[in-house]
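In what follows, a structure is listed as structure tokens, so that the remarks can point back to it.
Just so it is clear, none of the values below were taken in a lab; they were calculated from the coordinates. Computed from a predicted model, the values in this text were never measured in an experiment. Note that we place each Cβ from the backbone using ideal geometry, even for glycine, and neighbour counts take in every protein chain shown.
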Ligand code: GLY
């Protein structure tokens, strides 16, 4: 194809799409408003949990398909970049506290089974055999055998390095100011007062997508802040797998750190870390694994998830030929990157996709406002 593909946003999603398209012989350029890979992709926990827990039922098949792609995706990125991504396939443990623990466990169990997610109830003694540091006050537990985790910062670096090695041009510090339209077709972008021609433009700018004029009606994204804390163990207690409750989660890293999260805040683009946010996260982490109360806090940060009105991602063609969306991945961008890349490649190369993706269409917001005002 002549002018190739222009991707707006150089995070996990944009980088993964770039690698996928470059491997299929397309010319690709990425535009990032700053240094790529430093927003939600950098801030994430790296939990790969294709479960139903956020009322996002249509997402489960996509999340599972993406999880299934993960081992080969990581291997290809590591091979192309020469960098390691810290991917580990390992069960996730969901634990419940308090008087309603068993009822809550049963709800989460049946919700997940109803969408085909593998999950088993285990008694607390068994959960403590799997995770000796688990709080003995836990009253009920579920094991999700088909999960994993990845060092999302290392993976994002590896994806961007792989993209470069595959010939992708990366424009750093170049915010896209407009989408170029000619004769009812998207023909490129304007960035830093320069025009770049493209046969396709893919919007992958996370929560910043709605700020690009011309994209906002397809991608009404908004930032949902998540604060995070990294801990280093002070006691011999270790955490082997992801453990979560209704209040928070802990994700072990291969480098001996452990990442704890998170808050869900509507705070605009303000990436502050607050005493209230940190104390909520640290309380939830210590409730899961009490020995973490004396761990060393080694880092705190926050990131901006790309939220959408229905918490579902925004994927696929728009009614402007040449313009595609790949944004709004909310809490699941790291997990969904491999399958998002495949879908965008199928739309561009084949003109159609191999799965039912109507629930993610960028046109659904216009339809909704039409219905609302009729
Ligand atoms: N997926 C982790 C989070 O949203 O906090």
Worksheet entry | Number of the condition not met by residue 109 [criteria: (1) more than 16 Å from the chain's Cα centre (by Cα); (2) under 26 Å from residue 253 (Cβ atoms)] | (2)
Worksheet item: How many residues does the stretch 44-63 hold that are more than 13 Å from the chain's Cα centre (by Cα) and either away from the ligand (no atom under 16 Å from the Cβ) or part of a loop (DSSP other than H, G, I, E, B) (or both)?
Response: 9
Worksheet item: From the residues in the stretch 309-350 that are assigned to a loop (DSSP other than H, G, I, E, B) and out of contact with any strand residue (DSSP E or B) (no Cβ under 8 Å at 6 or more places or on another chain), which one is nearest to the ligand (Cβ to nearest atom)?
Response: 332
Worksheet entry | the stretch 18-43, residues that are in contact with a helix residue (DSSP H, G or I) (Cβ under 8 Å, 6 or more places away or on another chain) and within 14 Å of the ligand (Cβ to nearest atom) | 39, 40, 41, 42
Worksheet item: If we only count strands (runs of 3 or more DSSP E) wholly inside the stretch 88-178, which ones have 3 or more residues that are touching a helix residue (DSSP H, G or I) at 6+ places or on another chain (Cβ under 9 Å) and under 24 Å from residue 45 (Cα atoms)?
Response: 92-96, 140-144
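Take residue 15 and tell me if it is surrounded by 24 or more Cβ atoms within 10 Å (Cβ to Cβ), away from the ligand (no atom under 16 Å from the Cβ) and either over 15 Å from the mean Cα position of the chain (by Cα) or under 27 Å from residue 273 (Cβ atoms) (or both).
On the way: surrounded by 24 or more Cβ atoms within 10 Å (Cβ to Cβ): yes; away from the ligand (no atom under 16 Å from the Cβ): yes; either over 15 Å from the mean Cα position of the chain (by Cα) or under 27 Å from residue 273 (Cβ atoms) (or both): yes.
Yes, satisfied.
Mind checking which residues of the stretch 213-253 are under 30 Å from residue 318 (Cβ atoms) and either surrounded by fewer than 22 Cβ atoms within 10 Å (Cβ to Cβ) or within 15 Å of the ligand (Cβ to nearest atom) (or both)? Spell out the reasoning first.
As a first pass, look at the stretch 213-253 and keep what is under 30 Å from residue 318 (Cβ atoms): 213-226.
Within the stretch 213-253, 213, 214, 216, 217, 220, 221, 222, 223, 224, 225, 226 qualify.
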Fill in: Filtered residues of the stretch 254-308 (kept if without any contact (Cβ under 8 Å) to a residue 60 or more places away in the chain, under 28 Å from residue 132 (Cβ atoms) and away from the ligand (no atom under 11 Å from the Cβ))
256, 257, 258, 278, 279, 280, 282, 283, 284, 285, 286, 293
Item to complete: Determine if the stretch 68-84 includes at least one residue that is in contact (Cβ under 8 Å) with a residue 24 or more places away in the chain, more than 16 Å from the ligand (Cβ to nearest atom), farther than 23 Å from residue 168 by Cα and in a helix (DSSP H, G or I).
Response: no
